[in-house]
1. Yes or no: A:GLY624 more than 29 Å from A:PRO573 (Cα to Cα) and free of Cβ contacts under 8 Å to residues at least 24 places away in the same chain?
2. For the subset of segment B:429-467 comprising residues that are within 30 Å of B:GLY400 (Cβ to Cβ) and loosely packed, with under 10 Cβ neighbours inside 10 Å, which member is modelled with the highest pLDDT?
3. Return the pairs, sorted by first residue and then second, in which the second residue is of a type in the set (Asp, Glu), the first residue lies in segment B:321-346 and is at positive phi, the beta carbons are less than 9 Å apart, and the residues are 6+ apart or on different chains.
4. Tell me, which strands (runs of 3 or more DSSP E) lie completely within segment B:55-141 with 3 or more residues that are surrounded by 17 or more Cβ atoms within 10 Å (Cβ to Cβ) and touching a helix residue (DSSP H, G or I) at 6+ places or on another chain (Cβ under 9 Å)?
5. What residue, among those in segment A:592-638 that are among the charged types (D, E, K, R) and touching a strand residue (DSSP E or B) at 6+ places or on another chain (Cβ under 8 Å), is surrounded by the fewest Cβ atoms within 10 Å (Cβ to Cβ)?
6. Sort out which residues of segment B:119-138 are facing another protein chain (nearest Cβ under 10 Å), of a type in the set (Gly, Ala, Ser) and over 21 Å from B:LEU77 (Cβ atoms), and write them in order of number.
7. How about segment A:538-597: which of its residues are within 14 Å of another protein chain (Cβ to nearest Cβ) and hydroxyl-bearing (Ser, Thr, Tyr)?
8. Mind checking which residues of segment A:560-591 are in a loop (DSSP other than H, G, I, E, B) and surrounded by 22 or more Cβ atoms within 10 Å (Cβ to Cβ)?
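The values are calculated or read from the model by the stated rules, or taken from the named source; none is laboratory data. Keep in mind it's a predicted model, so treat the numbers as computed, not measured. So basically every Cβ, Gly included, is an ideal-geometry build from the backbone, and we count neighbours across all protein chains shown.
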Amino acid sequence: MFFQGETGRNTRGLLRLIILCTIAAAAVASRLFSVIRFESIIHEFDPWFNFRATKYLVQHGFYPFWDWFDDRTWHPLGRVTGGTLYPGLMVTSGAIYHLLRFLTFPVDIRNICVLLAPAFSGLTAFATYLLTSEMSDSPSAGLLAACFMGITPGYISRSVAGSYDNEAIAIFLLVYTFYLWIKAVKVGSIMWGALTALFYGYMVSAWGGYVFITNLIPLHAFVLICMGRFSPRLYVSYTTWYALGTLASMQIPFVGFLPIRSSDHMAALGIFGLIQLVAFAEYIRGQLPSKQFQVLLRAMVLVVFAVAFGGLVLLTVSGTIAPWSGRFYSLWDTGYAKIHIPIIASVSEHQPTAWPAFFFDLNMLIWLFPAGVYMCFRTLKDEHVFIVIYAVLASYFAGVMVRLMLTLTPIVCVAAAMALSQILDTFLVADTPTSTTPSDTPHANGSTTSNGSTSTTTTASALKDKLTSALPSTLRSTKSPLVGIHSYLSKSLTAGALTAYLLLFVLHCTWVTSNAYSSPSVVLASRLPDGSQHIIDDYREAYQWLRQNTATNAKVMSWWDYGYQIGGMADRPTLVDNNTWNNTHIATVGKAMSSREEVSWPIMRQHEVDYVLVVFGGLLGYSGDDINKFLWMVRIAEGIWPDEVKERDYFTPRGEYRIDDEATPTMRNSLMYKMSYYNYASLFPAGQATDRVRGSRLPSQGPELTTVEEAFTSENWIIRIYKVKGEDNLGRGLGEAVGFGRGNKRKSSGRGKGKGRGARTLRVD
Amino acid sequence: MRLRLFGLLLGLLGFVSALSAQGQKLLVVIEDESDKSKYSQFWSGLQDRGFQLSYRSPKDTTLSLFLHGEPAYSHLLLLPTKSKGFGPSLTPNLIVDFVNGGSNVLLALSAEQGIPSAVSSLLLELDISLPPDRNSLVVDHFNYDTQSAGEGHDVLLLPSPSTNTKKGIKNFFSVDGLIAFPHAVGQVLGNASPLLASVLKAPSTAYTYNPKDDSSEGLEDVFATGAQLNLVSAFQARNSARFTVLGSSEALEDKWFDASVSLPGKTATGQKTANKAFAHALSAWTFKELGVLRVNSVTHHLAEDTRAGITNSTAVSAAPGDVNPEIYRIKNRVHYSISLSEYAGTHWIPFTPPAGDEVQLEFSMLSPFHRLNLTPSPDQSHPNNATTYSADFVLPDQHGIFNFFLEHRRPFYTNVEEKRTVSVRQFAHDEWPRSFVISAAFPWIGGIWITVAGWVGFVALWVYSKPEAARRELKVGGAGKR
């Protein structure tokens, strides 16, 4: 009774709302593992910077943040942070913070930052619902898509509580912008186009991945034009979006003039030009007889293409338009970064994706996804073209870079939901279908692909009223005449199997989230033999030590991975950090780490380094330590100083990377090796020292340090901090000074009594 | 800080005729108590200048240079010993620690008593080499005292060091008359160390000679000759602790303070030695009565009152009135000044570098962006005690973390190293000139307004021509939709 007539529609609306709210709640809840298991803590690396920037924004206000010169990173260069970050994330949390303050909720900014990503994942689920509902008339598709989006691990990996990164809000903005774009193309209204531009602007302010939108929307428009589907709706929405969106994006200092100068944005500009020409051609066609028009069109196409292409080449060669960035090249050639830009290749999330990762992150969606894309082909309306393009591009990018799995996830959820809803709508109808459904059949035949979509929608909605009581009006998209499933056995079997799959999917998602994506990586958890959980908190122990025992301006040198954490947790200036804007500076640190002490010490003194921090996992078997990252430091340093640092020197003649007795002298004399293994042998009986990560026995004679001295070693030896010595007071070399302290006598400098010493060096003053 | 404290003390203890800028406690290490009387004039000279002398034998087991881990004495005077070293409480390591603790050492050597090997190895740490033979001494057949060393030629007579100073180096050791150096041990200074300076060099005709070694081999391969031999050398550590090596301890003895000497070949005989004055100068320098610099204050601030019409900056920045702000903007004009005083034995006087020298400031990030000579002017608050060195300059067009770095290291002066770190930020978003003051922007601004006007005109035209267009559209479009 509640599902019939006008009441039925209202009830369905209410139910849909409740279901959406429940999905959002589930999305938030499944992201809270880390908060419950550990505490409300910011995760990993980049979130620490975002958190620090947010604190700065909240403390100093918006304009000082906008003009922020950060003198506590990249010492001594500093970083124009306000102009080199995407402020969307910080401003969003700042706004929420002030709003809650205004409503007299004194919430700590940290908790807002920790919980921002889960909150936005609820919104993402909602946006996915909207986007999918535009694609399919079945309401179940939208709800399924929202549900998938809410719990799929591919998205959870970047949005658990504490993962306070740009992606946290960017995925919502991505999906929502696409929804608005589809809406704008469908309706052809300036308002929707302007809304698209508005959210596009928000997206630009939030994540560098906005380039994906910048290229996908023009591609969509281009494909539509090529398919002969140019329409005033497309013209209005595209031009509105491009003009307003480009202006909006240029307001972000980090983006600035890129939209008109960088190759990455040229496609959007080109399509903007093209769509003007096409519109003009359409106009002319209305005025001219077709034969003349053909000639004119051909001439115009040639001329315009030649002029535009020539102009583009000329501008690129003359340098007005920036050539493609290195990151862009590495998207097409996976080997490019490894050869040319080691700094990009050294990041694990820039590696190509392994096959199991797709199944791990998307589970059964990955095989529903092609089915959904196929269904888009069947009713190839403008918005379905978009889905197809998006699916193809995102699949490719996700295969190239692990990190881009994130952009693939929304489309997988949408496509899979469309496929699944099709099955469910067919099989979950309790009533036995009547043999003929005369009124629905003609409209389902896909005769309305190109231009008559508005009229079909109206007729379909008129028909809907009649059909609501009997059938969900979803099967319009099938080309075959509407027939149902008659056998209850096949209905129940299929429905049962799908339910089982869905339940398995939920189980898988929960399991992955709980085990793989909820570790803060600042705090490590391990299991004791009796099964109880043991927390390894060396990172925070060390950062707290720095915070409490060193001068406020003590500069800490470490590999760039830990820069943001040192800045955020220890509040000490660092030389390099995860914002890898200056490759040379990183190479300098790499050189200091990989060279002999006599070479590194002047570098450290020149950069006013007070402490050096290394991560060492040998005692605990923690494999993400600096010795394992060491070759990247060598490679990056070699990129700048190929004569002084050579990767080959760190390998044994047989090409092995060893740290034991057979390690090369270069390896054993490098500062990183020395700092990692200094005094390590003292933990073991003589000759028994073992590195548990590399699984090898260490030399009995441990390394000796002269230019730095040990200041701190954490409980499990994961973090070791060394203090850099100043110049010797008596002007000796530090090695000599240490030797003198041990009782070694200094050799007289060739002024002895012996003969045949050659010419003396005389002092002139 | 410490120096300033002693500056205060100075006012209280004004009755003392002279006073070290660092402290008065002086430890004299003398092996034989009976030898003390040999140096009585030198002791009384030191005591008159306010030093508290304590005499200890190196064999004394209670002797310790440190008290609670800090140097127990401000100054140490080491007189020669016959044994191989100064014993367990004065090992080279301890003396190095003592110097690292900031205390000063005057080490007197003597060829008569021989060179202890421990002293040789200690001096090697300072890059000073002594002859390998224990008894080597410096002889000169042209500049010896005919009265006392007519045979041995081992009492050298040298003129005052004033003649061999270079431009830009202040000479604290010039005296009137000849200085006698009996049985001196020559030192050779290493080339590498910039902390070493020669106070008194041997004449070009001097060489080292071991009287115990009769073989000619020693003469063929002498340790060092001529001006490479130093009779008095000065070492000033990076913490400004001073270590002076005096080649001849006998030069401090009463016997030579006012002896009458004569150079060979000169008709005039019976010249008075200037040893007393030289000993005074040398001990005064070593024990920080001379050549001590003090930084009274370092200030830097913006040197522009108005920021050229830009008043609405919202960025974190230095206001014109702030003294020593932590942040500037690129291309700011700033004023840097440092107030320096020099200690003149009893009181602080304005510091003036010797002719040919300048006080220089570096504005540096990794490497200097500016290296400026500072201009002196009398200090406003203490015109009689201090000089203010200052400079006005425009910050480079490069943001970063910069240092106002003043490093004044000159021989015989204590080191001044003042580093003030400031951040130099970029232009804030509202510190650029507005578009309407840039003439090159006029076409663009004009373009904007023309577009605006054109649009308004178009709208007006459209509105004016509306009725006809609307009627036609109603007919066509309306029929199509229904």
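1. Values: more than 29 Å from A:PRO573 (Cα to Cα): no; free of Cβ contacts under 8 Å to residues at least 24 places away in the same chain: yes.
Considered against the rule, which asks whether it is more than 29 Å from A:PRO573 (Cα to Cα) and free of Cβ contacts under 8 Å to residues at least 24 places away in the same chain, A:GLY624 comes out as no.
2. Restricting to residues being within 30 Å of B:GLY400 (Cβ to Cβ) and loosely packed, with under 10 Cβ neighbours inside 10 Å, the top hit is B:ALA440.
3. B:LYS331/B:ASP397; B:GLY345/B:GLU289
4. Numbers: elements: B:75-78, B:104-108, B:137-140.
Counting at least 3 such residues, we get B:75-78, B:104-108.
5. In the first step, residues of segment A:592-638 are kept if they are among the charged types (D, E, K, R); the result is A:596-598, A:605, A:608, A:610, A:625-626, A:629, A:635, A:638.
Within this subset, residues satisfying the condition of being touching a strand residue (DSSP E or B) at 6+ places or on another chain (Cβ under 8 Å) are A:597, A:605, A:610, A:625-626.
Details: A:GLU597: 21, A:ARG605: 14, A:ASP610: 19, A:ASP625: 22, A:ASP626: 23.
Selected residue: A:ARG605.
6. Correct list: B:SER129 only.
7. A:THR552, A:THR574, A:THR584, A:THR588
8. Filtering segment A:560-591 down to residues in a loop (DSSP other than H, G, I, E, B) leaves A:571-573, A:575-582.
A:ARG572, A:PRO573, A:LEU575, A:VAL576, A:ASP577, listed by residue number.
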